[in-house]
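Here's the structure, in structure tokens; my notes come after.
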Amino acid sequence: MNVRFTMPDAAPPRPPFVLVLREDDGEWHVRMLTEGYIVSLTETFSTRQDAVAAAAEAFPSLHIDVGSHGPGG
């Protein structure tokens with residue numbers, strides 16, 4: 001499984017958690033957010049169920065939040 005690390009400029013402190021969200025491209029994305037870092041799976045998913053399953057496999061001990069901001073979410 002491939003991941004990409006990102007350091008946002010001003011990330012507020014927060015406990016690690018996983019976010020599964022549908023983006024404007026219509027695909028579901030998985031990101032793990034923690035203090036100062038965002039870890040994104042490089043794969044995208046066509047269904048929410050596939051994205052949640054991948055999130056649970058990649059980050060088994062973390063809480064998973066599911067949301068969307070794209071069309072049809």
Simple spin-label estimate for residue 35 and residue 48 in nanometres, 7 Å along Cα-Cβ:
3.2
Residue-by-residue Karplus 3J(HN,Hα) for the stretch 49-63, coefficients 6.51, -1.76, 1.60, Hz, glycine and proline x:
4, 5, 5, 5, 4, 5, 4, 5, 6, 6, 10, x, 9, 9, 5
Round to the nearest 0.05 the FRET efficiency obtained for residue 24 and residue 62 when R0 = 22 Å and r is the Cβ-Cβ distance.
0.30
Quick one: which of 44-51, 25-32, 59-66 comes out on top by average Cβ neighbours within 10 Å, and what's the full order, highest first?
25-32, 44-51, 59-66
So what are the ³J(HN,Hα) numbers for the stretch 19-36, from phi and the Karplus equation (6.51, -1.76, 1.60; θ = phi - 60°), rounded to whole Hz, Gly and Pro as x?
10, 10, 9, 9, 9, 4, 6, x, 9, 8, 10, 10, 9, 9, 10, 8, 4, x
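Since every read-out is calculated from the coordinates, none of them should be taken as a lab result. All values reported here derive from a predicted model rather than from experimental measurement. Virtual Cβ from ideal backbone geometry, glycine too; neighbours counted across all protein chains shown.
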